[in-house]
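Everything on this sheet refers to the single structure shown next.
The values are calculated or read from the model by the stated rules, or taken from the named source; none is laboratory data. Remember, it's a predicted structure, so these values are computed and weren't measured experimentally. Here Cβ is always computed from backbone atoms with ideal geometry, including for glycine, and neighbour counts include all displayed protein chains.
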Amino acid sequence: MKWHTRLAHVFKLNLLQMKNPFQLLSRQTLGKLGLLAGTVVLATACLPELNSADLPPAAFVSVYNGAPDAPGVQISANSNLVNPVPLNYSEWLAYSAFYPGKRDFRFASFNSATSLLEREFELKADTVYSVFLVEEVDGYEAILTQDQWEDPTAAEAQLRLVHLSPDAGAVSLEVSGSATPVLSQAEFKSISDFSSLSPGSTTLTIKSADGENLISTGTLELKGNRVYTLILRGLKSEASGSKKLDLQLITNYIDF
C-alpha cells in the first residue's frame, strides 16, 4: 500500500473513532522533533478492514504558525473549531482529518471574534496538505501546499525547506559533505519539493544569496524511512529571543 493511501486510511479510522481527532504538538526544537501521528501509524498492523464503505472521504491537513508577531491563534474551518488550545508561534498542529471540498479557514487571536486572516481552500479527498501561517509587512498570509513525497525507503531520508523568514532574503540549503547545494535561491514563502538525502549524521546550513552563513543546525541524525520538513523561521534582524532567525525540523512521516 502506498504511503498516502495508508495515511488516508489510518486517519479516516481516526476521524471515526476519536471524539476529538485534532492533535496539537507543542513547540519542537531540533533536539525534540515533532511527529505527525507516530502512534496512529504504529497501529496499522491491527486495523480492521480498510476498505469499509463506512469510512467517510477525508483530506488531511497540518497547520504551522510561522508568524513571529502573531498571537496564539485559534483556527476554524467552516465555523468548526480546529484547535482547542492556542497555536503559538513555531507550533505545529499535526495532520488531522477534514471533510473535502471548499473550506473557509479563519485565523483569529484565541477566543477573539476578530479575524486576523480568512482564506478559502479547496481540499481533495485522500490528499495530504500543510498550511503555513506567515507574517508579511501588511499583515498575515496562509499558504496551502500539497505534501507529496516518494515512498520512503531505509536507504534515504527525504527533506524539504520551507522559507518563512520575512527578512532573510533568498537563501540556499547546503548539506555537510556535499559541494552542491540541495537547493538555491529559495525566496520568502517558498516551499521546496522533497529531496532525497543519505541517512546519518549531517549538518544543514542556510546561506544567503552572497554566500554568508546565516544559520546551521549543528549535527543532526537523519534516518531512513523518514520524511522531514526544515523550516527557516524568525527574523534576521533579531539577534536574540524567540523571534531570532532559527531552524526547526519536523518529521512529517515515518514508514515503520
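Going residue by residue through region 123-133, is there one that turns out to be in contact (Cβ under 8 Å) with a residue 24 or more places away in the chain, within 20 Å of L164 (Cβ to Cβ) and in a loop (DSSP other than H, G, I, E, B)? No, region 123-133 has no match at all. Identify all residues within region 79-105 that are surrounded by fewer than 20 Cβ atoms within 10 Å (Cβ to Cβ) and either farther than 18 Å from L133 by Cα or touching a Ser or Thr at 6+ places or on another chain (Cβ under 7 Å) (or both); write none if there are none. Result: S79, N80, Y99, P100, G101, K102.
Among the residues making up region 52-106, those that are over 23 Å from Y140 (Cβ atoms), in contact (Cβ under 8 Å) with a residue 40 or more places away in the chain and out of contact with any helix residue (DSSP H, G or I) (no Cβ under 6 Å at 6 or more places or on another chain) are P56, P57, Y99, P100.
Within region 85-122, track down each residue that is more than 26 Å from S242 (Cβ to Cβ) and either polar (S, T, N, Q) or touching an Asp or Glu at 6+ places or on another chain (Cβ under 6 Å) (or both). Reasoning before the result, please.
Within region 85-122, the subset more than 26 Å from S242 (Cβ to Cβ) is 97-104, 113, 118, 120-122.
K102, D104, E120 - these are the residues of region 85-122 that are more than 26 Å from S242 (Cβ to Cβ) and either polar (S, T, N, Q) or touching an Asp or Glu at 6+ places or on another chain (Cβ under 6 Å) (or both).
If I go through region 83-121 residue by residue, how many of them are part of a loop (DSSP other than H, G, I, E, B) and more than 12 Å from N65 (Cβ to Cβ)? Going through region 83-121 one residue at a time, the tally reaches 8.
Residue-by-condition table, conditions (1) under 27 Å from L164 (Cα atoms); (2) of a type in the set (A, V, I, L, M, F, W, C); (3) modelled with pLDDT under 95:
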{"site": "L13", "(1), (2), (3)": "no, yes, yes"}
{"site": "N20", "(1), (2), (3)": "no, no, yes"}
{"site": "G38", "(1), (2), (3)": "yes, no, yes"}
{"site": "V41", "(1), (2), (3)": "no, yes, yes"}
{"site": "S52", "(1), (2), (3)": "no, no, yes"}
{"site": "I75", "(1), (2), (3)": "yes, yes, no"}
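The strands (runs of 3 or more DSSP E) located wholly in region 158-256 that include 1 or more residues which are touching a residue at least 12 places away in the same chain (Cβ under 8 Å) and surrounded by fewer than 16 Cβ atoms within 10 Å (Cβ to Cβ) occupy 183-186, 195-197, 200-208, 213-222.
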